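Q: Mind having a look at this structure? Questions to follow.
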């Protein structure tokens with residue numbers, strides 16, 4: 001069994017963008033047309049992430065002309081050029097399949113905000129005497 005894992009490590013990508021379910025991502029997919037290769041972006045919300053190792057997959061969903069479109073990608077696929085996180089989502093579920101039944105603004109996910117940490121707390125809790 002260890003031999004299989006060692007062989008899989010050779011084919012796994014080294015640098016993978018850290019993303020989770022609920023994030024809005026832009027996946028650049030390599031598309032071959034004749035002799036030329038181009039990159040096409042697919043942007044949407046990650047609704048599921050399954051598997052581990054080289055078999056790990058994630059599903060991305062977005063609305064196109066009023067129809068829901070879902071694509072499942074392999075994380076370590078050579079067809080994926082890049083994965084960029086556009087927006088971090090704040091969700092309490094591991095799978096967001098309930099978004100399939102929602103329409104319009106109800107399909108939005110709350111955004112996770114990062115608090116800026118400063119080295120000094122200038123002016124906080126201090127009173128000036130004049």
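No value in this document is a laboratory result; all are computed from the given coordinates. Keep in mind the model is a prediction, meaning the values are calculated, not measured. Glycine also receives a Cβ, built like all others from the backbone with ideal geometry; neighbour counts cover every protein chain displayed.
Q: Rank 101, 55, 84 by mean-square fluctuation in a GNM of the chain with C-alpha springs under 10 angstrom and give only the top-ranked residue.
A: 101
Q: For segment 2-95, what is Rg from Cα atoms divided by 2.2 N^0.38 Å, rounded to two decimals?
A: Details: Rg = 14.5 Å, N = 94, 2.2 N^0.38 = 12.4 Å.
Relative to the rule-of-thumb radius for its length, segment 2-95 sits at 1.17.
Q: Can you tell me which of 83, 103, 47 moves the most in a GNM of the chain? Springs connect C-alpha atoms under 10 Å apart.
A: Evaluated over the chain, the most mobile residue of the options is 103.
Q: Follow-up question, since we're still on this one. So what is the relative contact order of the chain, in percent, for Cα pairs below 8 Å that sit 6 or more residues apart? Please list the in-between numbers first.
A: Details: 192 pairs, mean separation 31.5, N = 130.
With pairs under 8 Å counted, the relative contact order is 24 percent.
Q: Rank these for me by crowding, 24, 17, 107, going from fewest to most other beta carbons within 10 Å. Walk me through the intermediate numbers first.
A: Details: 24 20, 17 13, 107 17.
Going from least to most buried by this count: 17, 107, 24.
Q: For n ≥ 4 DSSP H runs only, could you compute -39500 (n - 2.57) per run for the chain, divide by its residues and tell me the 222 nm figure to the nearest 500? Please report the intermediate quantities before stating the final value.
A: Values: 1 runs with 10 residues, N = 130.
My calculation for the chain gives -2500 deg cm²/dmol from helical runs alone.
Q: Sticking with this structure for a sec: Counting other C-beta atoms within 10 Å, which of 115, 46, 91 has the fewest, and how do the rest follow? If you can, show how the numbers build up before the last one.
A: Working: 115 5, 46 24, 91 18.
Neighbour counts put them in this order, fewest first: 115, 91, 46.
Q: Got a sec? How would 96, 7 order by Cβ neighbour count within 10 Å, fewest to most?
A: Details: 96 20, 7 10.
Ascending Cβ contact count within 10 Å gives the list 7, 96.
Q: So, in nm, how far is label residue 92 from label residue 79 when the simple model puts each one 7 Å beyond its Cα toward the Cβ?
A: For the pair residue 92/residue 79, the computed spacing is 3.7 nm.
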